[in-house]
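Below is one structure, written out as structure tokens, with a few remarks after it.
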Amino acid sequence: MGTSRQTVGLWRQRFVAHRLAGIERDAPRGGRPPQDRQALKAQILHATTQTAPPAATHWSTRTLARQLRTNPTLVQRVWQAHGLKPHLVRSFKLSRDPHFQDKVEDVVGLYLNPPAHALVLSVDEKSQIQALDRTQPGLPMKKGRCGTMTHDYKRNGTTTLFAALGMLDGTVIGDCMPRHRHQEFIRFLKKIATETPAALELHLILDNYATHKHPAVRRWVRRHPRCHLHFIPTSSSWLNTVERWFRDLTERRIRRGIFRSVPELLQAIEEYLRRHNGAPKPFVWKKSAQDILAKVHRARVVLDKTRTA
């Protein structure tokens with residue numbers, strides 16, 4: 001191997017003592033790190049988290065290395081050691097609903113402790129599902145290459161999917177309609193009432209879309225006392241579990257699909273519904289209302305400090 005007996009013996013001893021973990025990388029070097037290197041690392045951390053480059057929103061390894069007169073490799077190592085990824089950003093939104101706590105406790109209570117002799121359904125509509133056809137055929141996936149599809153497309157119409165996700169067993173009641181007014185929503189409520197046992201109370205979890213609170217909808221609910229509407233707080237779509245099912249539908253069937261007409265799109269959605277209901281899997285809610293409220297409180301404290309700084 002072109003090395004010394006001492007080196008071979010050292011690595012063999014490390015393998016005997018620690019197995020594969022002992023030879024995956026070099027052992028830590030002895031001695032104290034140079035003080036100037038420690039100071040430079042501190043400058044990298046401060047610049048990355050507390051400053052921004054001129055005419056840009058965030059640092060890259062090269063721009064920060066030029067600024068601090070060091071090399072990009074060191075910047076990358078410091079970022080990796082501290083879990084810093086300036087090129088990534090996560091969006092968030094804290095609800096301003098004045099009844100946020102009451103609504104969270106109401107909805108999460110239904111998830112964790114559903115009432116007896118009742119069904120809890122997460123209800124929403126996925127509007128403007130487009131029937132998109134690609135302008136050219138894509139290439140199939142093969143070894144060493146992913147599948148391809150053109151970036152441009154042809155629009156062939158839209159549909160709206162109304163869906164009610166059962167929290168007990170994960171089954172979904174769904175129906176596609178051309179529009180999503182209160183008339184269509186009432187029609188879907190009738191479908192829910194028809195396809196569920198009449199002896200059970202229905203607790204429907206909804207967002208604050210105006211259609212769900214239309215006077216005609218409220219009159220229909222009063223005429224059907226077994227239906228109870230529960231509204232999540234504003235800007236809190238993550239509380240409505242059917243949104244998670246919508247994401248699966250989009251990722252697995254809609255986004256990469258090719259639909260030459262709206263009927264083809266409807267057929268694909270109905271097939272996905274049938275297959276899902278053939279082997280449903282419920283979404284299990286685990287977070288308590290107290291945990292959610294505590295996390296939101298911590299976020300508000302940080303935001304208030306940021307505003308006053």
Could you please give the count of residues in region 25-43 that are more than 27 Å from R69 (Cβ to Cβ) and either modelled with pLDDT of 85 or more or surrounded by 10 or more Cβ atoms within 10 Å (Cβ to Cβ) (or both)? 1
Residue, nearest to V284 (Cα to Cα), within region 120-135, restricted to residues that are part of a strand (DSSP E or B) and among the polar types (S, T, N, Q): S122
With respect to L273, determine if the residue is within 20 Å of R244 (Cβ to Cβ), in contact (Cβ under 8 Å) with a residue 60 or more places away in the chain and in contact with a strand residue (DSSP E or B) (Cβ under 8 Å, 6 or more places away or on another chain). yes
Region 231-255: number of residues that are farther than 27 Å from E271 by Cβ, of a type outside the set (S, T, N, Q) and surrounded by 16 or more Cβ atoms within 10 Å (Cβ to Cβ): 4
Go through (1) farther than 30 Å from Y153 by Cα; (2) surrounded by 14 or more Cβ atoms within 10 Å (Cβ to Cβ) and name the single condition L266 misses. (1)
Cβ-Cβ under 7 Å, sequence separation 6+ or interchain: first residue in region 151-173 and free of Cβ contacts under 8 Å to residues at least 24 places away in the same chain, partner assigned to a loop (DSSP other than H, G, I, E, B) and among the β-branched types (V, I, T). Which pairs? D152/T135; Y153/T135; K154/T135
Restricted to region 112-147 and to residues being β-branched (V, I, T) and surrounded by 13 or more Cβ atoms within 10 Å (Cβ to Cβ), the residue farthest from E195 (Cα to Cα) is I129
Considering only residues that are of a type in the set (A, V, I, L, M, F, W, C), part of a helix (DSSP H, G or I) and within 29 Å of the chain's Cα centre (by Cα), which ones fall in region 205-222? A210
In this structure, does P233 turn out to be at pLDDT 95 or above and in a loop (DSSP other than H, G, I, E, B)? yes
Which residue out of L206, L229, L189 is aliphatic (A, V, I, L, M), in contact (Cβ under 8 Å) with a residue 40 or more places away in the chain and assigned by TED's automatic domain parsing to the domain that holds L110? L206
Going by what's in this entry, would G157 be described as farther than 30 Å from Y111 by Cβ, outside the structural domain of S261 (by TED's automatic domain parsing) and either under 28 Å from the mean Cα position of the chain (by Cα) or surrounded by fewer than 18 Cβ atoms within 10 Å (Cβ to Cβ) (or both)? no
Of all residues in region 253-309, which are small (G, A, S), in a helix (DSSP H, G or I) and over 25 Å from T171 (Cβ atoms)? A289, A294, A299
Can you tell me which of (1) of a type outside the set (A, V, I, L, M, F, W, C); (2) under 19 Å from E243 (Cβ atoms); (3) crowded, with 17+ Cβ neighbours inside 10 Å is the one D169 doesn't meet? (3)
Does P178 fit the bill of being touching a residue at least 12 places away in the same chain (Cβ under 8 Å) and touching a Leu at 6+ places or on another chain (Cβ under 8 Å)? no
For region 267-286, check the following and say yes or no: at least one residue is in contact with a Ser or Thr (Cβ under 9 Å, 6 or more places away or on another chain) and over 18 Å from L121 (Cα atoms). yes
Do you know which residues across region 87-111 are farther than 15 Å from S235 by Cβ and either within 20 Å of the chain's Cα centre (by Cα) or exposed (fewer than 13 other Cβ atoms within 10 Å of the Cβ) (or both)? H87, L88, V89, R90, D102, V108, Y111
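The values are calculated or read from the model by the stated rules, or taken from the named source; none is laboratory data. Because the structure is predicted, anything quoted here is derived from the model rather than measured. Cβ atoms come from the backbone with ideal geometry, glycine included; neighbour counts cover every protein chain shown.
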